[in-house]
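Asks: Pasting a structure below so you can have a look.
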Amino acid sequence: MTAAGQTHPLPAPFFVLATQNPIEQEGTYPLPEAQLDRFMFELRVAYPTKEEEETIVEATTGDRATDIAPVLTAEDVLALQHLVRRIPVPKPLVRSAVTLVRMTRPGDAEAPAFVKEFVSWGAGPRASQYLILGAKARAALDGRPMPDEDDLRAVAATVLTHRLVINFAAEAAGRSAPDLVQELLVTRGWLQG
């Protein structure tokens, strides 16, 4: 990391978690689209159920100490990252990921009409990379030797949603990035195998 002209080495593995509250708060600002693209996934967390909220309140308002025991070392995490990258991916799945991402771009010839109507900016090449890495990780977690179409579909919303910049027409029509991604996933033409 570089700050004030000085580079500070960061330990590996290094990753960033960021939270974004949908309610505007003074002194906080949404990240620009170029910075959002650097995050692999966007996970939307809904309010907990009443029972879950009661459990949260009970667990966090007492004076009981909690012991935290590491389950992985930094070396374990790095080894798992390398393992995921070594998983082979069928060429048709790579084509599917790239085609799906390109379909989010309103200027692309393969973009469906609803993308051209409602999206200002689509996903960039990082989205294709993260679709494949996410699909590989999902296959590994499931104990399978390579990812398939289901893995790609399963990670698509978390990879693509925060990369779509919708326009005023989308807002006026009540459309959102998550529902546009869901519509893309049922659109024919992106699966290549």
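A short reminder: the numbers here are calculations on the coordinates, not readings from a lab. Note that the coordinates shown come from a computational prediction; the quantities given were computed from them, not determined experimentally. Quick reminder, even Gly has a Cβ in these numbers, built from the backbone with ideal geometry, and neighbours come from all protein chains shown.
Asks: Along the Cα→Cβ direction, 7 angstrom out, place labels at residue 91 and residue 4. What is the inter-label distance in nm?
Replies: If labels sit at residue 91 and residue 4, their model points lie 5.3 nm apart.
Asks: In addition: Taking DSSP loops as anything outside H, G, I, E and B, show the longest stretch in the chain free of trypsin sites (Lys or Arg not before Pro) there with at most 11 other beta carbons within 10 Å.
Replies: 65-187
Asks: With only Lys, Arg, Asp and Glu charged, each at its Cβ (+1 for the first two, -1 for the last two), find how big the charge dipole of the chain is about the Cα centre; round to the nearest 20 debye.
Replies: That gives a dipole near 1140 debye.
Asks: Okay, next question. With the crude spin-label approximation of a point 7 Å out along Cα→Cβ, what separation in nm comes out for residue 108 versus residue 81?
Replies: 2.7
Asks: Okay, helix-only estimate at 222 nm for the chain: each DSSP H run of n ≥ 4 adds -39500 (n - 2.57), divide by all residues, round to 500 deg cm²/dmol; what do you get?
Replies: That comes out to -13500 deg cm²/dmol.
Asks: Ranked by Cβ crowding within 10 angstrom, fewest neighbours first, how are 149, 54 ordered?
Replies: Result, fewest neighbours first: 54, 149.
Asks: What FRET efficiency do you get for residue 66 and residue 41 if R0 is 22 Å and r is their Cβ-Cβ distance, rounded to the nearest 0.05?
Replies: 0.25
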